[in-house]
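Heads up: the structure comes next, in structure tokens.
The values are calculated or read from the model by the stated rules, or taken from the named source; none is laboratory data. Worth saying up front: this structure is predicted, and the values here are computed from it rather than measured. Cβ placement follows ideal geometry from the backbone for every residue including glycine, while neighbour counts extend to all protein chains displayed. These area figures cover heavy atoms from the full protein model, side chains too; ligands, DNA and RNA do not enter into them. Shrake-Rupley method; radii C 1.70, N 1.55, O 1.52, S 1.80 Å.
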Amino acid sequence: MEYTSIGESCSVVSGGTPSRSKNEYWENGNIPWIKIGNIKSKYVNEYDELITEQGLNNSSAKLLKKGTILYTIFATLGEVGILDIEACTNQAIAGIKITDPRITTDYLYYYLKSKKDYVNNIGRGVAQNNINLTTLKNFEIPLIDVDKQLNIVEILEKVERMICLKEKEIDDLDLLIKARFIEMFGDPIVNEKGWRTKPLLDMGQCKNGMNFHYDDKGIDINCLGVCDFKNFSVIDNTKVLPTVSLNEMPSEEYLLKDDDIVFVRSNGNKALVGRSLVVYPGNVPTTFSGFCIRYRKYDNEIIVPYLLRVLKTDSVRMKMSGRGANIQNLNQQILGTLVIPVPPIELQEQFADFVQQVDKSRFDIKKSIIELEREVVYD
């Protein structure tokens, strides 16, 4: 098998952000400016902000042509899209333009998608997940006949359409849980059913993650990071988490326990901030990154499956939306403003049983998605 590298076969540039203090760089702009959150599907044509010609000319932003592959290299790693418009990007996104006629755009798009787990493993570090352009340029691409590339793309697109249908089934199950929650408990912020309430921080304790000291020859330990919130809704010892190598084992307060709830505290993708999941690591030592907050419940009047769904409701997510200039932040002060309705424990357990049944269906669907994805293997 012959290989080339992205650096040899493509031109690669990173984006940039015009100064926010210069109104003339943003007001009445006409150039789309793409952020990580705008990469939602294969073709990218949505944007939240526009910059001006002045903003483009006086910053490191670059105008990318339609057809450029976008690849995220900071915070949320390995998201891929193909520009369907002319646009600029921020510095968290690299623009890749193919210069080698032996490589098709669709083939490289799907190949980069297949590298997501790899790039997330190499991107973990002291700061937010990131890789540099040199690392990206060194990615090797299998060089195969163009006709075979087209055949692979055709198969992958067919599989992707089937996966989309399966994911729609999962979305429908999530809507079912949301509807059942509102039916049983009402909106937790409005609390129209008049349940007795308790402050969240009176029922448990929070702990911010920390930036650890890394050591290539140190102790390997599972580490829950921001990217895992996109891939999983529950973390248990059957999930494969990336590991980090630390110069010493974290203290007990930085090790996760069963029934801990973890929040995304800070991330370049604002949609992830405040996202929560529950962990069941069992006896597998697992820590959490500095961009997360761990919540440990100690109140027996509330159970975790119910509390987690409270925290996932739209009204609570809106209430705990962090505030930041470029990156939203969630902190313990914001969590301290949350007041949680406490319905009878029997009702909470009834809801938990319902969620467990739905989760079994979700697991079966996800298993079928994994099988579909495995149908196509790169040689």
Inset, instruction - All but one of (1) closer than 25 Å to ASN130 by Cα; (2) modelled with pLDDT of 90 or more; (3) not aliphatic (A, V, I, L, M) hold for GLU253, so report the exception by its number. - result: (1)
Inset, instruction - Specify the residue that is most open to solvent (accessible area, probe 1.4 Å); the eligible residues are those in the range 163-202 that are part of a helix (DSSP H, G or I) and among the acidic types (Asp, Glu). - result: GLU183
Legend entry - Exclusive hit being surrounded by 14 or more Cβ atoms within 10 Å (Cβ to Cβ) and of a type in the set (Ser, Thr, Tyr), set THR105, THR99: THR105
Inset, instruction - Return only the number of the condition from (1) part of a helix (DSSP H, G or I); (2) touching a residue at least 24 places away in the same chain (Cβ under 8 Å); (3) open to solvent by 20 Å² or more (accessible area, probe 1.4 Å); (4) within 30 Å of ASN247 (Cα to Cα) that GLN205 does not satisfy. - result: (1)
Legend entry - Number of the exception - CYS88 against (1) assigned to a strand (DSSP E or B); (2) open to solvent by less than 10 Å² (accessible area, probe 1.4 Å); (3) farther than 22 Å from ASN130 by Cβ: (3)
Inset, instruction - Could you tell me whether the range 189-197 includes any residue that is of a type outside the set (D, E, K, R) and on the phi > 0 side of the Ramachandran plot? - result: yes
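Just name the residue that is modelled with the lowest pLDDT out of those in the range 366-379 that are open to solvent by 20 Å² or more (accessible area, probe 1.4 Å) and either assigned to a helix (DSSP H, G or I) or among the hydroxyl-bearing types (Ser, Thr, Tyr) (or both). Full working, then the answer.
Kept after step one, since they are open to solvent by 20 Å² or more (accessible area, probe 1.4 Å), are these residues of the range 366-379: 366-368, 370-371, 373-379.
Still in the running and either assigned to a helix (DSSP H, G or I) or among the hydroxyl-bearing types (Ser, Thr, Tyr) (or both): 366-368, 370-371, 373-374, 378.
Details: LYS366: 71, LYS367: 73, SER368: 75, ILE370: 64, GLU371: 69, GLU373: 60, ARG374: 60, TYR378: 42.
Here the answer is TYR378.
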Inset, instruction - Output the qualifying pairs, or none if there are none: Cβ atoms under 6 angstrom, residues six or more apart or on different chains, first residue in the range 170-188 and among the basic types (Lys, Arg), second residue in a helix (DSSP H, G or I). - result: ARG180/PHE354
Legend entry - Options GLU154, GLU140, GLU160; residue that is in contact with a Phe, Trp or Tyr (Cβ under 6 Å, 6 or more places away or on another chain), open to solvent by 30 Å² or more (accessible area, probe 1.4 Å) and either of a type outside the set (Asp, Glu) or farther than 30 Å from LEU347 by Cβ (or both): GLU140
Legend entry - Checking ILE98 against (1) in contact with a helix residue (DSSP H, G or I) (Cβ under 9 Å, 6 or more places away or on another chain); (2) within 23 Å of LEU272 (Cβ to Cβ), the condition it does not meet: (2)
